[in-house]
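Colleague: I have a structure I would like to understand better, so I am pasting it below and will then ask my questions one at a time.
The values are calculated or read from the model by the stated rules, or taken from the named source; none is laboratory data. Predicted model, so just to flag it, every value in this text is computed and none were measured. Note: ideal-geometry Cβ built from the backbone for every residue, glycine included; neighbour counts use all protein chains shown.
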There are 2 protein chains.
Amino acid sequence: MPIEIPRTALQLRSLIKRSGELELSLFEEAIPPPKPDEVIVRVEAAPMNPSDLGLLFGAADMKTAKAGGTPERPVITATVPDAAMKAMAGRLDQSMPVGNEGAGVVVAAGASPTAQAQLGKTVAAIGGAMYTQYRCLPAAQCMPLPEGTTPAEGASAFVNPLTALGMVETMKREGHKALVHTAAASNLGQMLNRICLADGIELVNIVRRKEQADILRAIGAKHVCDASAPAFMEDLTEALAVTGATLAFDAIGGGKLAGQILNAMEAALLRKSTEYSRYGTTTHKQVYIYGGLDRGPTEFTRGFGMSWGMGGWLLFSFLQKIGPEQAAKLKARVAAELKTTFASHYTREVSMREALKPEEIAVYGRQATGEKYLLNPNRA
Amino acid sequence: MPIEIPRTALQLRSLIKRSGELELSLFEEAIPPPKPDEVIVRVEAAPMNPSDLGLLFGAADMKTAKAGGTPERPVITATVPDAAMKAMAGRLDQSMPVGNEGAGVVVAAGASPTAQAQLGKTVAAIGGAMYTQYRCLPAAQCMPLPEGTTPAEGASAFVNPLTALGMVETMKREGHKALVHTAAASNLGQMLNRICLADGIELVNIVRRKEQADILRAIGAKHVCDASAPAFMEDLTEALAVTGATLAFDAIGGGKLAGQILNAMEAALLRKSTEYSRYGTTTHKQVYIYGGLDRGPTEFTRGFGMSWGMGGWLLFSFLQKIGPEQAAKLKARVAAELKTTFASHYTREVSMREALKPEEIAVYGRQATGEKYLLNPNRA
């Protein structure tokens with residue numbers, strides 16, 4: 001018995017106008033009939049990750065957020081600072097759908113066997129525009145979840161799990177033997193800890209508050225350095241010397257942390273070095289910036305010789321680089337360990353209307369560790 | 001008739017004491033008899049490159065330089081700021097010889113045919129410790145210069161020429177199609193211009209003064225951007241859009257320039273981009289920092305998406321990476337074009353005693369474009 005599907009779906013949209021105003025609203029869109037290879041997912045859970053919020057808010061200053069519209073169709077407006085408008089040039093006056101990933105039930109499917117096989121199943125999906133009630137997308141972008149998995153449990157089955165696995169894979173491919181991770185008490189950071197514990201990989205966790213260090217130690221993390229502690233650089237250097245980590249993934253981006261990591265790596269390497277070279281050690285030290293929790297400038301003092309690199313790291317580019325076969329292996333591990341290694345936690349589940357309340361934005365917009373929201377577009 | 005060789009040679013030495021004092025002096029060292037594969041070079045010309053001065057002065061503040069010693073054996077002392085002492089840890093209390101490269105006449109040779117073949121010849125040599133009157137080193141580290149080449153003409157046959165060729169080679173290996181170079185009016189920068197003109201490679205030159213732009217235009221440079229001009233970012237973006245350069249070599253290191261280059265590269269790429277992505281363009285943009293004319297912190301605003309890299313670039317690591325066969329090809333080109341493509345210019349030739357005068361240090365220590373010194377250790 002086919003599930004009844006409405007003709008239209010509400011979709012969360014983000015628009016930055018040439019005038020410098022951000023507008024968030026609910027847009028009513030027709031649900032198309034699925035093509036042979038497509039399915040229609042009734043989205044019941046989608047995480048509000050930093051990467052989603054980056055598109056949702058753009059460069060707007062959310063302290064200026066104002067509520068408008070009607071209770072049924074709320075609208076949020078906010079101001080984009082002049083200096084930040086240049087970076088928004090590519091998206092001006094385009095109403096953009098949001099939401100990298102999510103999970104829900106397949107309520108309609110095209111004629112192809114792959115699509116038909118998903119009908120009625122709970123699936124996780126990646127493909128953008130997931131902050132919508134019904135999403136039509138290729139069945140290939142969906143992953144059927146193991147029996148007994150709820151959409152909330154499968155909502156974050158792609159971005160965080162594959163990013164965490166991608167870090168470990170990058171470490172192996174680029175010849176490093178241990179890892180450093182910042183903002184390490186996040187959902188992603190906790191996953192990475194569980195992976196590294198299971199796989200016997202040494203991981204140096206950097207956090208910004210004592211409570212975050214406690215969270216990580218409670219799940220078995222061996223090396224935790226608190227960047228707010230006076231002895232941070234000494235602690236970090238010691239952890240790097242013990243683990244031999246020469247690769248870091250940094251979620252912060254702005255400020256001095258990325259450079260501090262490189263300097264501490266070099267200091268740790270110099271402990272074992274016997275001959276002085278003014279070019280520093282010959283071991284390559286790398287920091288990949290994969291997030292931008294601090295949107296401010298990145299600053300570093302070059303005290304780490306000449307063998308170093310800093311750069312962007314993006315999941316989608318990584319998956320492209322390793323190819324579909326390798327990517328499928330990583331995805332299979334995620335599906336098998338979704339309720340253990342790759343479990344996510346959310347502070348609160350909200351509807352799309354609730355997500356457009358200034359008081360909620362004030363909470364989830366901070367992107368603080370332990371304050372992640374789960375969006376349920378089909379919640380009233 | 002064998003050339004007469006003294007038993008000892010004077011060598012320029014740099015010492016940083018645990019007390020925080022830099023001491024530059026002339027050290028009398030015994031000249032060893034050459035082993036079978038070695039030659040003894042009477043060094044008559046050695047460039048004072050930024051990389052040499054980095055070792056010579058260390059982190060000392062040369063504004064504090066004081067003259068001491070005797071007219072025959074002058075000594076310079078200067079203070080290393082406390083904050084910089086940590087970076088000097090590896091060299092404390094070690095009297096270090098200086099000078100990456102130089103040229104002179106082979107006055108003695110070991111028994112091997114390779115060594116014997118160089119006897120009496122003018123050679124360029126790389127191997128460190130070249131700021132000395134007589135240098136014993138493996139014949140393999142020497143390159144016999146074409147007939148009629150003076151030591152002064154061959155003094156800079158390695159570091160600058162191979163660095164310039166290495167930039168072009170790196171561009172090809174990493175899949176870029178044009179280059180950006182900063183401090184572009186330097187000896188190295190002029191070489192790079194001549195190489196790029198000869199090889200048909202588009203090069204964007206960044207300079208810091210109008211006179212430097214004039215120097216480059218006079219030797220045929222097509223794209224010259226003056227970082228001190230108000231329209232610098234617009235000019236740079238335009239040059240990057242025209243050339244398609246996505247790889248830069250930066251000699252400055254500190255300040256905002258490296259980041260400005262990445263931002264301008266992204267802006268140039270966005271001109272051709274049709275679809276907005278909040279992760280920026282997918283084209284990899286790279287800046288290699290190969291020098292440190294500005295020793296201050298490096299600062300950048302991440303407005304260039306996720307496909308970017310910044311990192312150190314070091315000639316010796318590059319040569320190791322490409323292997324001896326490829327390196328030999330590059331060296332052969334240098335030898336063939338030493339008086340044209342790879343010609344260097346110096347403001348002044350000094351003896352070792354002159355190099356230890358505070359008034360000379362005040363000039364060559366600035367490492368300003370067009371003020372490079374040539375050291376002649378055998379000049380009285």
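Colleague: Given A:Ala241, A:Ala264, A:Ala229, which one is hydrophobic (A, V, I, L, M, F, W, C), more than 30 Å from A:Thr340 (Cα to Cα) and assigned to a loop (DSSP other than H, G, I, E, B)?
Modeller: A:Ala229
A quick yes/no check of all residues on (1) within 14 Å of chain B (Cβ to nearest Cβ); (2) of a type in the set (Val, Ile, Thr); (3) not in a strand (DSSP E or B):
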residue: A:Ile76; (1), (2), (3): no, yes, no
residue: A:Thr114; (1), (2), (3): no, yes, yes
residue: A:Met130; (1), (2), (3): no, no, yes
residue: A:Met143; (1), (2), (3): no, no, no
residue: A:Pro146; (1), (2), (3): no, no, yes
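Colleague: Would you point out which residue out of B:Ala258, B:Ala335, B:Ala327 is within 23 Å of the chain's Cα centre (by Cα), of a type in the set (Gly, Ala, Ser), closer than 23 Å to A:Trp313 by Cα and not assigned by TED's automatic domain parsing to the domain that holds B:Gly370?
Modeller: B:Ala258
Colleague: Yes or no: B:Glu234 assigned to a helix (DSSP H, G or I), at pLDDT below 95 and outside the structural domain of B:Ser51 (by TED's automatic domain parsing)?
Modeller: No; evaluated as a whole, the condition is false for this residue.
Colleague: Now a separate question. Do we find a residue being within 14 Å of chain A (Cβ to nearest Cβ), surrounded by 18 or more Cβ atoms within 10 Å (Cβ to Cβ) and in a helix (DSSP H, G or I) anywhere in the range B:92-102?
Modeller: No, the range B:92-102 contains no residue that is within 14 Å of chain A (Cβ to nearest Cβ), surrounded by 18 or more Cβ atoms within 10 Å (Cβ to Cβ) and in a helix (DSSP H, G or I).
Colleague: So, one more: Since B:Pro161 meets every condition but one in (1) buried (at least 17 other Cβ atoms within 10 Å of the Cβ); (2) outside any helix (DSSP H, G or I), which condition does it not meet?
Modeller: Condition not satisfied by B:Pro161: (2).
Colleague: Confirm whether B:Ser344 is in contact with a His (Cβ under 6 Å, 6 or more places away or on another chain), buried (at least 18 other Cβ atoms within 10 Å of the Cβ) and not aliphatic (A, V, I, L, M).
Modeller: Taking the combined requirement at face value, the residue does not satisfy it.
Colleague: Now for a different question. Could you list, in sequence order, the residues of the range B:78-105 that are of a type outside the set (A, V, I, L, M, F, W, C) and either touching a helix residue (DSSP H, G or I) at 6+ places or on another chain (Cβ under 9 Å) or closer than 22 Å to B:Leu374 by Cα (or both)?
Modeller: Result: B:Lys86, B:Gly90, B:Arg91, B:Pro97, B:Gly99, B:Asn100, B:Glu101, B:Gly102, B:Gly104.
Colleague: Do we find that A:Ser273 is within 8 Å of another protein chain (Cβ to nearest Cβ) and without any contact (Cβ under 8 Å) to a residue 24 or more places away in the chain in this structure?
Modeller: yes
Colleague: Exactly one condition in (1) among the hydroxyl-bearing types (Ser, Thr, Tyr); (2) away from chain A (no Cβ under 14 Å); (3) over 30 Å from A:Leu92 (Cβ atoms) is not met by B:Thr243; state its number.
Modeller: It is condition (3) that B:Thr243 fails.
Colleague: Shifting gears a bit: Quick one: in the range B:1-28, which of the residues that are at pLDDT 95 or above and of a type in the set (Asp, Glu) is surrounded by the fewest Cβ atoms within 10 Å (Cβ to Cβ)?
Modeller: That would be B:Glu28.
Colleague: If a residue has to be touching a residue at least 40 places away in the same chain (Cβ under 8 Å) and within 20 Å of the chain's Cα centre (by Cα) to count, how many in the range B:305-324 make the cut?
Modeller: 6
Colleague: Hey, another quick one. When the range A:287-299 is examined, which residues are found to be at pLDDT below 95 and facing another protein chain (nearest Cβ under 7 Å)?
Modeller: A:Gly292, the sole residue that qualifies.
Colleague: Small (Gly, Ala, Ser), over 28 Å from B:Asn160 (Cα atoms), in the same structural domain as B:Ala178 (by TED's automatic domain parsing) and in contact with a Gly (Cβ under 6 Å, 6 or more places away or on another chain): which single residue out of B:Gly253, B:Gly296, B:Gly309, B:Gly305 fits that description?
Modeller: B:Gly305
Colleague: Continuing with the same structure: Which of the residues spanning the range A:5-32 are free of Cβ contacts under 8 Å to residues at least 24 places away in the same chain and not in a strand (DSSP E or B)?
Modeller: Matches in the range A:5-32: A:Ser19 only.
Colleague: Search the range B:267-299 for residues being among the hydroxyl-bearing types (Ser, Thr, Tyr) and in a strand (DSSP E or B), and hand back the single one that is surrounded by the most Cβ atoms within 10 Å (Cβ to Cβ).
Modeller: Within the range B:267-299, the match that is surrounded by the most Cβ atoms within 10 Å (Cβ to Cβ) is B:Thr298.
Colleague: Condition first: small (Gly, Ala, Ser), in a helix (DSSP H, G or I) and more than 13 Å from chain A (Cβ to nearest Cβ). Now tell me which residues in the range B:300-351 satisfy that.
Modeller: B:Gly323, B:Ala327, B:Ala328, B:Ala332, B:Ala335, B:Ala336
Colleague: Can you tell me how many residues in the range A:180-217 are at positive phi and in contact (Cβ under 8 Å) with a residue 24 or more places away in the chain?
Modeller: Residues meeting the conditions: 1.
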